[in-house]
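Reading through the structure tokens given below for one structure.
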């Protein structure tokens, strides 16, 4: 794609900042992303967010990944933009940069009991990953519609939102990166998503942002003979910085990293930490540090979104085959309990140790370069 960063420019950008480590973030008092961004209750949630960002800074994190919500932009346009800017400023106050995710295929299916996202008081179900019984993380047997990008009218409006936000913040240092599309092709949408993914890259590029673009591959395996789906290969081939998701164990990460290194670009993992599946802080955070792979685990403080619960598909697979190697005694995601005590203090010790080492490395490298 025209204007894709060169490998040299990508590495100059990547090496010019401390090692990126953080989380996919939503404050514990948010039921969903509408709750995260809407006006109702925002001031109280900002108080929670500030407390959690201070904890995040103390943990050693320096970045968060945030997914925007079209329905709030549509229904509360002007005030949403004000709240979005306040969010960026509050993160910056605690030394936290923001990766902004602009589109998303990992969404719950339509059907009985489903309704379009709406602003106002949000409901949630206790005991379910993401606070939803009807989950996007359940095993799917068919293609699920995208709420916004399948309808011609809302699709055009959606791209207006993307262009507006990227244009407003294309030079803003509070935003470290644009994550163009989360898990393109998820919910068996590969063919439907390809034209939207292409247009998303073209739209964001046309705004001429100073920040790099990425779109993560999420079905890659360590076997080099296993090709990627076309939609993910397109994402990989058009990203300035390579990103991937993986909730599998250590050995699979090693092989995926080996495979991705052949592209010759910096690598970031934008989703990880699934303790039930043996995807742990103890194994992976030191690996990411050693390989200087940026990393965003899913979740921070356990709350209404309940991502400490296993995916619905994890329960379904185990019900069908009890020999599945799943440890249900552990939280799935999230690092802290609601009272801000660690889920496991030894995890936090690992994060702090290697975050401090990374900052020492960065300081030493800068001295050697005379910066």
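The values are calculated or read from the model by the stated rules, or taken from the named source; none is laboratory data. Since this is a predicted model, take the numbers as computed values, not measurements. Cβ coordinates were reconstructed from backbone atoms using ideal geometry, including for glycine residues, and neighbour counts include every protein chain displayed.
Quick notes on this one:
- Of residues in the stretch 130-146 being in contact with a helix residue (DSSP H, G or I) (Cβ under 9 Å, 6 or more places away or on another chain) and under 29 Å from residue 96 (Cβ atoms), the one modelled with the highest pLDDT: 130
- Scope the stretch 238-261; condition over 26 Å from residue 332 (Cβ atoms), part of a helix (DSSP H, G or I) and in contact (Cβ under 8 Å) with a residue 24 or more places away in the chain; matching residues: 238, 258
- Within the stretch 86-144, the set of residues being crowded, with 20+ Cβ neighbours inside 10 Å, touching a strand residue (DSSP E or B) at 6+ places or on another chain (Cβ under 8 Å) and in a loop (DSSP other than H, G, I, E, B) comprises 96, 102, 103, 105.
- For the residues 342, 338, 322, the requirement of being within 20 Å of residue 279 (Cα to Cα) and touching a strand residue (DSSP E or B) at 6+ places or on another chain (Cβ under 8 Å) singles out 342.
- Test: residue in the stretch 145-158 that is crowded, with 20+ Cβ neighbours inside 10 Å, under 19 Å from the mean Cα position of the chain (by Cα) and without any contact (Cβ under 8 Å) to a residue 60 or more places away in the chain: yes
- The stretch 64-85, residues that are part of a helix (DSSP H, G or I) and in contact (Cβ under 8 Å) with a residue 12 or more places away in the chain: 70, 71, 72, 73, 74, 75, 79, 80, 81, 83, 84
- Odd one out for residue 50, checked against (1) touching a helix residue (DSSP H, G or I) at 6+ places or on another chain (Cβ under 9 Å); (2) part of a loop (DSSP other than H, G, I, E, B): (2)
- Criterion (surrounded by 10 or more Cβ atoms within 10 Å (Cβ to Cβ) and at negative phi) met by exactly one of 367, 330: 330
- For the residues 357, 324, 309, the requirement of being in contact with a helix residue (DSSP H, G or I) (Cβ under 6 Å, 6 or more places away or on another chain) and either closer than 26 Å to residue 36 by Cα or at pLDDT 95 or above (or both) singles out 309.
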